[in-house]
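One structure below.
The values are calculated or read from the model by the stated rules, or taken from the named source; none is laboratory data. No experiment lies behind these values; they were computed from the predicted model shown. Every residue, glycine among them, receives a Cβ derived from its backbone with ideal geometry; neighbour counts consider all protein chains shown. Heavy atoms of the whole protein, side chains included, go into the accessibility calculation; ligands, DNA and RNA do not. Shrake-Rupley method; radii C 1.70, N 1.55, O 1.52, S 1.80 Å.
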Amino acid sequence: MSQNLFLKLKKILFIICFLVCANAFSQMLSSNIEKKTLALGETDHLIIKIDNIGGQKVSAAPKDELLPFHFEEIKDSIGVNANSYERKIEFAVYEEGKFTIPELEFNVGGRILKTIPYEIEVINTAQKGDQINDIMKNKDVKLEATDYWELYKWYVLAALALIALILAIIMFVKWGRKKKSSPVVATNQTLKELDSLKKKKYIEEGNYRSFYVELIDISRNFITRQYHVPADVLLTDDLIQLMKKNNTISQENEKVVEEVFVRGDLVKFAKTFPDKDTMEKDFTDIREFVKRSSKDLEFENLRKDV
């Protein structure tokens with residue numbers, strides 16, 4: 001009987017020791033809030049501490065993001081050592097009413113620990129009709145010219161910059177656009193485009209389809225810019241008919257455009273296969289047409305003056 005009693009007591013002692021040891025080495029989370037009733041805008045402090053972390057990583061919401069909406073976090077400091085974790089949060093609330101800090105979760109080595117929730121009441125201590133007084137009387141300060149300049153210099157500089165921008169826009173609209181759209185600019189730009197086409201060696205390689213597609217596109221864009229004719233959207237027959245009707249382009253240039261454009265359409269639909277000499281001639285004719293275009297415009301201006 002006494003032996004059985006001894007075994008039972010030994011077993012109870014073992015269980016008590018196990019529980020004490022387990023409790024001693026388990027993580028203990030505690031939290032404390034300084035005040036549960038606050039004046040509007042008054043600061044409060046929440047302290048969260050976890051003991052016996054044993055070097056394990058503690059994960060929680062990022063700094064300044066632990067507390068929910070309405071709680072304006074002013075300072076959020078985290079202290080960690082080998083065996084403890086402490087987080088101190090200073091906050092304020094700028095609305096009247098009752099607000100709840102919910103359970104806050106902390107992950108300690110895969111184990112989730114939670115704080116207890118807190119209810120905070122925020123009151124407005126100012127009474128209706130209270131007089132608001134200045135802390136100090138206003139002082140009269142005499143300002144010098146340099147003081148006024150320091151106060152208003154950015155407004156003056158901004159106004160001058162705005163005026164300069166307006167003048168630049170006016171000058172660009174009045175002169176810049178005319179210069180860009182001048183016949184000489186259009187001619188030089190198209191000659192550069194033709195030189196780029198020549199460097200692609202479509203003629204030498206016998207790639208007549210690519211050659212005529214790009215040659216016709218360059219020519220159409222040039223006619224549109226130089227003569228203000230919608231060559232970029234008109235069919236070849238309609239374009240030739242329009243050129244003959246308004247007499248803007250000379251007969252020599254009109255003949256070149258007609259021959260090259262018609263041949264380009266035939267090449268496009270595989271109805272003709274021009275040789276290298278024909279391609280060279282068409283390229284040269286279009287280039288000379290671009291150079292002669294200024295004479296067409298001079299004649300047109302004289303005709304308008306008369």
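Take the Cβ atoms of residue 278 and residue 188, set R0 to 30 Å, and the FRET efficiency comes out at 0.65. What shape does segment 28-123 take by its C-alpha gyration tensor, where a ≥ b ≥ c are the square roots of the eigenvalues and a/c under 1.5 counts as rounded, a/b above b/c as prolate, and the rest as oblate? Prolate, since a/c reaches 1.5 and a/b exceeds b/c. Spin-label model, residue 49/residue 95: points 7 Å from Cα along the beta carbon direction are separated by 3.3 nm. Cβ-Cβ distance of residue 65 and residue 147, R₀ of 45 Å, FRET efficiency by 1/(1 + (r/R0)^6): the value works out to about 0.55. The calculated pair-distance distribution of segment 189-289 uses every alpha carbon pair, bins of 10 angstrom beginning at 0, and gives 15, 52, 29, 4 percent. Counting only protein heavy atoms and a probe of 1.4 Å, the accessible surface of segment 183-298 is 51% carbon and sulfur. What pairs from 244/276; 201/244; 36/88; 245/276; 36/75; 200/295 go past 26 Å between their alpha carbons? As for pairs spanning more than 26 Å Cα to Cα, those are 244/276; 201/244; 245/276; 200/295.
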